[in-house]
1. So Leu281 ticks every box in (1) farther than 30 Å from Leu368 by Cα; (2) open to solvent by less than 10 Å² (accessible area, probe 1.4 Å); (3) under 29 Å from the mean Cα position of the chain (by Cα) but one. Which box is left unticked?
2. Going through region 97-114 one residue at a time, which ones are over 23 Å from the mean Cα position of the chain (by Cα) and surrounded by 14 or more Cβ atoms within 10 Å (Cβ to Cβ)?
3. Being touching a residue at least 40 places away in the same chain (Cβ under 8 Å), surrounded by 10 or more Cβ atoms within 10 Å (Cβ to Cβ) and not charged (D, E, K, R) is the filter here; which residues of region 519-549 pass it?
4. Taking region 220-260, which residues are of a type outside the set (Gly, Ala, Ser) and on the phi > 0 side of the Ramachandran plot?
5. What are the residue pairs meeting all of these: first residue in region 164-179, first residue within 20 Å of Asn212 (Cα to Cα), second residue of a type in the set (S, T, N, Q), Cβ atoms under 7 Å, and 6 or more apart or on different chains?
6. How many residues does region 296-327 contain that are of a type outside the set (Phe, Trp, Tyr), in contact with a Lys or Arg (Cβ under 8 Å, 6 or more places away or on another chain) and within 16 Å of Gly254 (Cα to Cα)?
7. Does Leu185 count as more than 17 Å from Ser91 (Cβ to Cβ), part of a strand (DSSP E or B) and either out of contact with any Pro (no Cβ under 9 Å at 6 or more places or on another chain) or modelled with pLDDT under 95 (or both)?
8. On the given criteria, is Met473 touching an Asp or Glu at 6+ places or on another chain (Cβ under 6 Å) and either open to solvent by less than 50 Å² (accessible area, probe 1.4 Å) or not hydroxyl-bearing (Ser, Thr, Tyr) (or both)?
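The values are calculated or read from the model by the stated rules, or taken from the named source; none is laboratory data. Note that this is a predicted model, so its numbers are computed, not measured. Cβ placement follows ideal geometry from the backbone for every residue including glycine, while neighbour counts extend to all protein chains displayed. The area values use the complete protein model at the heavy-atom level, side chains included, leaving out ligands, DNA and RNA. Shrake-Rupley method; radii C 1.70, N 1.55, O 1.52, S 1.80 Å.
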Amino acid sequence: MSRRNIEQGNWISYLLTLSRMVYLFPAEVKEIGGGKWGYINGKGNFVLPPKYEMAHEFQESGLAIIQLNNLTGIINNEGYFIVKPKYDTISPFSEGRATAIDDRGFNVLDEAGKEIGPKSYSFIGDYKEGRAVVANMNENGQYLYGYLNRRGNEVIPLTYESASDFHDGKALVKVKEGNYALIDLTGNVLNSYSYPFVDNYGEGMLAFRKSNEGKWGYMDESGRVVIEPQFIETQHFVEGRAIVNVENQQNGYGLINKQGKFIIKPQYSSLIYLGENQYALGKSVNPGKPYLPKKYAIADSNGHIFTGFIYNGVSNYLDGLASAYNDEMTFFIDKRGQRLNYLPKVQGSGSLAFDKSLIKGDIDLRILYFDKKGKLIWKQNTIIPLKNDYSVIEKKFKPNKDYLVYYPQLKGVANPESVNQTLKDMSGVKPTVAHTQLDSSYTGDFDVRFYQKNLVVIEINGYDYPFGAAHGMPIKKYAHIDLKTGRFYQLKDLFRKGADYVKELSEMIREQIKSDEQYSYVFPNSYKGIKADHPYYISKGTLNVYYEPYEIAPYAAGFPTFRIPFHDLSSIIDHEGDFWRSFH
């Protein structure tokens with residue numbers, strides 16, 4: 001708001017309002033049971049205490065999306081619920097509307113948290129120019145698309161095979177195979193196009209293909225071909241420029257203008273628009289392995305290249321600034337790609353950005369906040385206190401830019417050297433070459449999942465991603481440690497000697513798979529029982545037995561876990577054994 005837009009008599013009250021404005025920022029604290037999120041003020045002090053499983057940033061509406069008890073809700077800046085946690089997910093507000101998902105489907109919420117519109121849908125997108133793309137499945141199993149208005153009503157019927165967001169009052173829809181149309185906000189057809197594929201509408205230009213296997217070109221809104229098909233990949237025009245790829249290879253990305261002339265030659269392995277007419281040019285570090293991470297240079301929309309290929313990643317520009325990181329540091333850069341040393345720089349990989357009254361860093365999977373002078377005002381705790389002078393201390397191991405592990409070390413435990421070495425080994429701390437490009441990335445972290453009497457249970461997580469693969473492989477381990485003795489307990493230690501716990505547990509799990517619908521994802525005939533040293537973890541009142549991804553279920557199922565109350569195992573538990581007595 002500028003001074004000329006405020007009546008002179010209200011200027012003083014407006015300044016007072018600004019001075020009283022308190023910005024809140026999401027921050028996580030590690031504690032027993034896992035991480036909890038709350039909100040700090042500009043001085044780094046918690047205003048809303050950490051009690052949420054996840055907390056997102058406050059939006060311009062003064063509302064924030066949080067998660068509690070595995071459900072999602074919305075709070076105001078005093079911590080009161082506008083929407084109690086009852087949805088699976090809620091999207092950020094867009095034009096005063098959010099989409100919330102539950103077992104009925106997608107629903108529209110207004111800023112009072114009230115559901116609007118007559119029904120739920122299979123899909124609702126973000127609102128753009130007063131319209132949201134919406135979809136439902138018809139009786140033939142086909143999704144049909146249309147548009148909702150801000151009241152949640154169908155203003156354009158669900159008749160299209162696909163639909164884009166509105167831009168400048170226009171949207172591209174697929175009417176049927178080989179027939180596309182440009183429509184206005186009321187659904188009136190402005191132009192039709194008879195091509196197998198039409199896509200990427202922007203700034204009066206549309207990408208199209210003349211045949212199913214043909215290359216892409218561009219036409220204007222009237223259907224006149226402006227740039228003949230010659231590209232294997234296209235993006236929409238932004239500020240008079242479009243990113244294209246000319247060959248089915250790794251070094252064919254370039255930037256064209258609306259006449260099809262190359263502003264940046266098609267010789268890069270990637271090309272990313274960063275906003276504000278700035279681009280990141282990507283170059284493979286190993287041409288023989290194009291799937292490996294790239295190095296980036298900074299260029300503008302006129303084709304001026306300002307840096308060498310010196311960055312591992314670059315964020316979007318805002319008000320002339322972006323952040324970038326190399327093998328060692330994350331820092332701010334200007335539009336010429338030059339480091340700004342008067343702003344914060346942080347050891348590690350990630351991003352920095354101005355966030356209201358602070359500077360937020362998302363570095364090596366941890367959130368940091370700095371004031372505008374670059375002073376660190378908040379970072380996540382690295383000590384999780386237990387009782388009786390015991391504590392879990394977080395250590396960081398990053399020998400290579402693609403290998404990052406946060407691992408636990410115990411203070412006060414018996415046999416500390418042996419215990420802590422075992423925890424390091426379990427976490428993936430191992431000799432790793434420093435200044436070389438690895439063939440995969442690895443990230444590891446941990447949580448203190450359970451602590452009672454002398455027993456602490458630490459969950460160790462990892463994710464190993466081979467570069468170029470469709471996905472990586474998650475890793476999960478649990479350490480059950482007796483703080484008094486330093487002993488690591490195995491599954492067998494919970495049961496009486498001679499008890500056939502393998503058979504008993506196997507049958508209980510088999511019955512769960514058979515009778516509980518939540519385990520319907522288990523592959524038929526894949527379950528063969530458990531092993532004597534099967535992966536497990538203890539939680540309050542429960543033994544949990546789990547399997548690795550793909551072992552008995554699809555990858556998407558994660559780690560199939562079967563929960564068995566201790567009272568169902570009472571006849572075979574060794575109630576006088578060291579394991580049981582460590583937490584009873």
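1. Condition (1) is where Leu281 drops out.
2. Filtering region 97-114 for residues over 23 Å from the mean Cα position of the chain (by Cα) gives 104, 110-114.
Answer for region 97-114, where residues must be over 23 Å from the mean Cα position of the chain (by Cα) and surrounded by 14 or more Cβ atoms within 10 Å (Cβ to Cβ): Asp110, Glu111, Gly113.
3. Those that are touching a residue at least 40 places away in the same chain (Cβ under 8 Å), surrounded by 10 or more Cβ atoms within 10 Å (Cβ to Cβ) and not charged (D, E, K, R): Tyr519, His534, Pro535, Tyr536, Tyr537, Ile538, Ser539, Leu543, Val545, Tyr546, Pro549.
4. Going residue by residue through region 220-260, those that are of a type outside the set (Gly, Ala, Ser) are 220-221, 224-239, 241, 243-251, 253, 255-259.
Within region 220-260, Glu239 is the sole residue that qualifies.
5. Listed pairs, sorted by first residue: Leu172/Ser164; Val173/Ser162; Lys174/Ser162; Gly178/Ser194; Asn179/Ser192; Asn179/Ser194.
6. 4
7. Criteria not met by Leu185.
8. yes
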